[in-house]
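Engineer: This is the structure, below, for whatever I ask next.
We did not get these values from a lab; they are worked out from the coordinates using the rules stated. None of the values given here were measured: they were computed from a predicted structure. No Cβ is skipped: glycine too gets one built from the backbone with ideal geometry, and neighbour counts run over all protein chains shown.
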Amino acid sequence: MGNVANAVLQANGEVTGVIPNFLADLEVAHTTLTELHFVETMHERKFKMVQLSKGVITLPGGYGTLDELFEILAWRQLKLYDGPVAIININGYYDLMLQQLDRMVSDGFLKAENRGLLLVANSVDEALQMISDFWESL
């Protein structure tokens, strides 16, 4: 996340961060961001990020990334969040996860329309276009 934030800042973009206090104590908070919000818990972090966003784009990552992705998809499914949710499937990083989601549909654990809540892009530009198209379609 730090590398992405730094690249955006170097390109004269704006970056808003949300970090729980306990993580700020363990790690060095990125203090040169345009805006930085401190919260108490990871749940508050996710909620604050959603409040500040017009869409969610997920890059390749680990447990925390998947936790955030699936929580926001569950919120979307439950209509607790109405914005678009996309992943960037760089070099097929998410191929196996997408296969698992398709299996969940075929095995009856996930409705096809809820599977469709996840937008899949292969590049940043494609993800940004999908987010834009989502809002223009309303």
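Engineer: Report the trypsin sites (Lys or Arg not before Pro) located in region 91-131 that are in a DSSP loop and have at most 14 other Cβ atoms inside 10 Å of their Cβ, or state none. Please report the intermediate quantities before stating the final value.
Structural biologist: Details: sites: R103, K111, R115; in loops: K111.
Loop-located and lightly packed - K111.
Engineer: Could I ask something else about it? Given R₀ = 22 Å, FRET efficiency for V120-L52 by Cβ-Cβ distance, to 0.05? Spell out each step's value before the answer.
Structural biologist: Values: r = 24 Å, r/R0 = 1.07.
Plugging the Cβ-Cβ distance into 1/(1 + (r/R0)^6) gives 0.40.
Engineer: Still on this structure: Assuming R0 = 25 Å, what is the FRET efficiency of F70 and T31, from their Cβ-Cβ distance, to the nearest 0.05? Each step should come with its number before you reach the end.
Structural biologist: Numbers: r = 30 Å, r/R0 = 1.20.
For F70 and T31, the calculated efficiency is 0.25.
Engineer: Something else: Indicate the gyration tensor shape class of the chain (rounded, prolate or oblate), computed on the Cα atoms with a ≥ b ≥ c the square roots of the eigenvalues: a/c under 1.5 is rounded; otherwise a/b larger than b/c is prolate and the rest oblate.
Structural biologist: Prolate.
Engineer: Still on this model: Sort out for me the Cα centre separation of region 85-99 from region 1-55, rounded to whole Å.
Structural biologist: After rounding, the separation between the Cα centres reads 23 Å.
Engineer: Please state the shape class of region 43-115: rounded when a/c is under 1.5, otherwise prolate if a/b exceeds b/c and oblate if not, all from the C-alpha gyration tensor.
Structural biologist: Working: a/c = 2.02, a/b = 1.28, b/c = 1.58.
The shape class here is oblate.
Engineer: Could you tell me whether region 1-52 comes out rounded, prolate or oblate from its Cα gyration tensor? Rule is a ≥ b ≥ c as square roots of the eigenvalues, rounded for a/c under 1.5, then prolate if a/b exceeds b/c, otherwise oblate.
Structural biologist: Details: a/c = 2.54, a/b = 1.50, b/c = 1.69.
The shape class here is oblate.
Engineer: Filter the GluC sites (Glu not before Pro) in region 18-52 to those in DSSP coil with at most 15 other Cβ atoms within 10 Å of their Cβ, and list the result. Mind showing how you got there, number by number?
Structural biologist: On the way: sites: E27, E35, E40, E44; in loops: E27, E40.
Qualifying residues, ordered by number: E27, E40.
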